[in-house]
Amino acid sequence: MEGMINSLQVVVNNMLKITHNDFSIDEIVQKIKTEEIGAIVSFIGIVRGKSNGKDVERFEIQPSEEAALSQMQKIRAETLQKFKVNQIAIIQRIGSFKVSENILLIVVGAPHRDEAFKACRHVLEGMKKMVKRWEKEVCT
């Protein structure tokens, strides 16, 4: 897979991205659409305002970009093999984020909605396990 690595973002085949910048949901959905796809399911993770009864000041995600990209590739490949889906895009933001900021986008395209929903959930659970090691929630 061709990729570009620098301090701001890592992009692989326009379907996997690690970036400091926000993302365009519409842009990714347009890249996923093909004639074979009858359903597109998406998940957007955002920074919540409260955690365990405390106000969240900020949320930090500071992974090794190479390790994160490797895990994302593995999660995507495993999901494409396990479910009848055509496309999967994953965008993971890294850095420090305020409440309500976007931090994760998963978009799955499939011929049928059931497989798209199942695959999206599978990717989400894999991403949660991956990011847990590198995340820090700062509360006041």
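All of the numbers you see were taken from the coordinates with simple rules; none came from a lab. Please read these numbers as outputs of a predicted model, since none were measured by experiment. Here Cβ is always computed from backbone atoms with ideal geometry, including for glycine, and neighbour counts include all displayed protein chains.
Being assigned to a helix (DSSP H, G or I) and of a type in the set (A, V, I, L, M) is a property that holds for Ala77. Counting the residues of segment 76-99 that are out of contact with any Asp or Glu (no Cβ under 9 Å at 6 or more places or on another chain), among the β-branched types (Val, Ile, Thr) and free of Cβ contacts under 8 Å to residues at least 60 places away in the same chain gives 1.
Remark: Ile40 falls outside the filter, which requires a residue to be among the β-branched types (Val, Ile, Thr) and assigned to a helix (DSSP H, G or I).
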